[in-house]
Each structure stands twice: as C-alpha cells, then as structure tokens.
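The values are calculated or read from the model by the stated rules, or taken from the named source; none is laboratory data. Note that the structure is a prediction, hence the values are computed from the model and not measured. Neighbour counts run over all protein chains shown; Cβ positions are idealised from the backbone, glycine included. Heads up: the accessible areas ignore ligands, DNA and RNA and are worked out on the full protein's heavy atoms, side chains in. Shrake-Rupley method; radii C 1.70, N 1.55, O 1.52, S 1.80 Å.
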Amino acid sequence: MQQKGIGTLLGAFSFTARVRGLIAWKHTDKTLMLAPCRSIHTFGMKHAIDVAFVDRDGEVIKVVKAVPPRSRISCRGACAVYERLSCPDAWFEEGDELVIGVKSAELA
C-alpha cells in the first residue's frame, strides 16, 4: 500500500475553529482536519481548496479538488473533513484509508 504524506496536520474541533477553517491561511504545506464535520463552505476564501471527506472507519469517501470560493459541499456519511489550499501535490483519493500517527517530541 502506498503511503501519502499530508505535511503538518492541524485540528479544528470547536465550532469557531471549524467555521474559520482555512480563511486566513497562506501556507500550502498544512492540512486542516475539521471534526465533527460533513459539510464545508468556502465563503470568504480567496483561494480554491482541496477537500477529502472521511467516514468513521477512516476511509476517504469523497474527494473534491480545487473547490472555488463561494461554494458549499457536503457528504452524507462523513464524520470529518480534511482540507488544504489547492495545489498540485499528491492528495487523497476515494477509498484511501487514513491512519494518523503521533510522534513524541523526543522522536521528531
């Protein structure tokens, strides 16, 4: 199985953090996880974003690349969403299984 890196993963778990999302972001090397979440919007965004909807089992069930500003998309069955500023780097595909590992600061 091929492993894909997503760079630095940041979490948005509060209502305010999920609503804010990527609005003020300027970096393309970070991925934001919104949870719980099954619907996102890009109102207020200046750039397109790449989105991956994930179910409870960690399977990517819907991927949308280059979602333009002023859009809204959702996915029934999703419990989390991964998003980043759109770029040509490798991104998730439907059917991918997400496994998140945590490194100790001593090992990083």
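Applying the condition of being within 17 Å of residue 11 (Cβ to Cβ) and free of Cβ contacts under 8 Å to residues at least 60 places away in the same chain to the range 66-86 and asking which residue is most open to solvent (accessible area, probe 1.4 Å) yields 79. Among the residues of the range 26-65, those identified as at pLDDT 90 or above, open to solvent by less than 30 Å² (accessible area, probe 1.4 Å) and assigned to a strand (DSSP E or B) are 40, 49, 50, 51, 52, 53, 54, 60.
Considering the range 66-97, the residues that are over 11 Å from the mean Cα position of the chain (by Cα), among the small types (Gly, Ala, Ser) and not in a loop (DSSP other than H, G, I, E, B) include one that is farthest from residue 31 (Cα to Cα), namely 74.
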